[in-house]
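All remarks here apply to the structure that follows.
Values in this text are rule-based calculations from the coordinates and carry no lab data. Please read these numbers as outputs of a predicted model, since none were measured by experiment. Using ideal geometry, Cβ is built from the backbone for each residue, glycine included, and neighbour counts are taken over all protein chains shown.
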Amino acid sequence: MAPVPSFPVKVGHIDDVQELKKIKPSSIPERFVRDMIERPKLATATTPSSCNLNIPVVDLSKISNSQDFHNEIMKLSTSCEEWGFFQVINHGIDLDLLEKMEKISMEFFMLPLEEKQKYPMAPGTVQGYGQAFVFSEDQKLDWCNMFALGVEPHFIRNPKLWPTKPLDFSETVDIYSREIRKLCKNLLKYIAMSLGLNEDIFEEMFGVAVQAVRMNYYPACPRPDLVLGLSPHSDGSALTVLQQGICSSSVGLQILKDNVWVPVQPIPNALVINIGDTIEVLTNGRYKSVEHRAVTHQEKDRLSIVTFYAPSYEIELGPLAELVDENNPCKYKRYNHGEYSMHYVTNKLQGKKTLEFAKIYDN
Ligand SMILES: COC(=O)C(/C=C/C1=C(C)CCCC1(C)C)=C/O[C@H]1C=C(C)C(=O)O1
Ligand SMILES: O=C(O)CCC(=O)C(=O)O
Ligand SMILES: [Fe+2]
């Protein structure tokens, strides 16, 4: 079963941020204004070194070349251990397809509100158009409109939420998702190799993997210093693939490294990959699911297209025996991934708090 909360959720009125932008309010509505501690610090001419730090770039064409294989796998390993994030270039996905996916996503967000509201995200659920992860009337809201769909396996699809406009939306999402699925399977093979494990270990363990896609649209915000585009969180997936600005790009994604929010500079035609909670658990914490968030921009809007790739809901998982020993005692319990998914989608995004579900504290 796809995870759906069984409790009633009262979220109050949620302003649609694209509509808010149109009416040009004299101030930002209180529900979007973050407490001081959460507000993003905007980059200035004197912003120090964190802006010059760049997440690693892994060239997938080098992994299939025997001469470069070792170096690139080492780079992948260091990226997963130290950053939990990397960008992939030469990933093999047709750039026209990536562009098409952006085009239809933007066309969807540009539809009139009444059209988008034919596919509503019910309170407390994560599929459809709206704001996910809102569970109370006093929770702060993100400066973002989302449209999310469960894609695979087919039983997680809600056909009523697949838009009929733009005309080629559903077909494009299907073609795109098939290509991203192949990429995820390959990346999981490389990740297994980088850990000295059998390359098929994740594929064999995951069963028919769950895959969902979410388009996040962040309109420009008159006060980017007061709001967040997306609250800090780690992803509950095994891997996440994020497409930001193939057609036009602006910075917005930030990752928390050594307690500093580091912006991820878009690289044309690259995809951003991050390790999700599931790989953190399976590797007993060696590969990190890193906290990240999105900030907004005063003049530019931004689109990101995010694929979550995770094991089948039936599987039981915990740290792999190969990665637990005297020096690396077991940090996480075994659990059912369906239960973790339910836990994830029924709690607000709050840094790495969701992963506490799996933590063992007594070592
Ligand atoms: C920020 O994370 C998410 O929005 C998210 C949601 C994914 C899902 C859908 C949009 C519809 C189908 C179910 C599913 C929960 C996969 C993250 O996905 C992660 C979180 C868990 C847990 C997971 O398996 O993928
Ligand atoms: O838009 C972004 O850059 C971040 C998106 C994200 O982290 C998510 O959807 O889980
Ligand atoms: Fe995320």
Value of [θ]222 nm, deg cm²/dmol, for the chain, DSSP H segments ≥ 4, -39500 (n - 2.57) each, nearest 500: -7500 deg cm²/dmol
Likely footprinting exposure, Glu204, Glu82, fewest C-beta neighbours within 10 Å first: Glu204, Glu82
Rounded, prolate or oblate (a/c below 1.5 giving rounded, otherwise prolate when a/b exceeds b/c) for region 31-136 by Cα gyration tensor: oblate
Angle in degrees between helix 69-82 and the longest Cα principal axis of the chain, rounded to the nearest 10: 60
Angle in degrees between helix 95-109 and the longest Cα principal axis of the chain, rounded to the nearest 10: 40
Ranking of Ser341, Ser170, Ser177, Ser289 by count of other Cβ atoms within 10 Å, fewest first: Ser170, Ser177, Ser341, Ser289
The chain: translational diffusion in µm²/s, Stokes-Einstein, Kirkwood Rh over Cα pairs, 20 °C, 1.002 mPa s: 102
Rg/Rg_globular for region 218-363, with Rg_globular taken as 2.2 N^0.38 Å and Rg from C-alpha atoms: 1.15
Most fluctuating residue given options Asn269, Asn65, Asn90, as computed from a GNM of the chain linking Cα atoms under 10 Å: Asn65
Compactness relative to 2.2 N^0.38 Å, alpha carbon Rg of region 250-314: 1.31
Alpha carbon convex hull of region 146-223, projected area averaged over orientations, nm²: 7.8
Computed over region 142-187, Cα set: Rg, Dmax in Å: 12.3, 34
Using alpha-carbon coordinates, inclination of helix 169-194 to the longest axis of the chain, degrees: 30
Average Cα contact separation per residue, the chain, under 8 Å, 6 or more apart, as relative contact order %: 22
Greater than 18 Å apart at Cα, pairs in Lys189/Lys352; Lys62/Lys189; Lys100/Lys165; Lys300/Lys352; Lys185/Lys348: Lys189/Lys352; Lys300/Lys352; Lys185/Lys348
Backbone N within region 11-27 under 18 Å of label point (7 Å from Lys140 Cα along the Cβ vector): 14-15, 17, 27
Derived scalar couplings ³J(HN,Hα) [region 285-299; Karplus, 6.51 cos²θ - 1.76 cosθ + 1.60; whole Hz; x for Gly, Pro]: x, 5, 9, 9, 8, 9, 5, 8, 8, 10, 10, 9, 10, 5, 10
Greater than 31 Å apart at Cα, pairs in Lys182/Lys257; Lys140/Lys160; Lys22/Lys288: Lys22/Lys288
By average C-beta atoms within 10 angstrom, highest first, the peptides 120-127, 225-232: 225-232, 120-127
Relative exposure of Cys144, Cys80, judged by other C-beta atoms within 10 Å (fewest first): Cys144, Cys80
Two-site label geometry, Gln265 and Glu326: point separation in nm, points 7 Å out along Cα→Cβ: 4.6
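Rounded to the nearest 20 debye, what is the charge dipole size of the chain about its Cα centre when +1 sits on each Lys and Arg Cβ and -1 on each Asp and Glu Cβ? Intermediate values should be presented prior to the final figure.
Details: 38 positive and 46 negative charges, 183 e Å.
My answer is approximately 880 debye.
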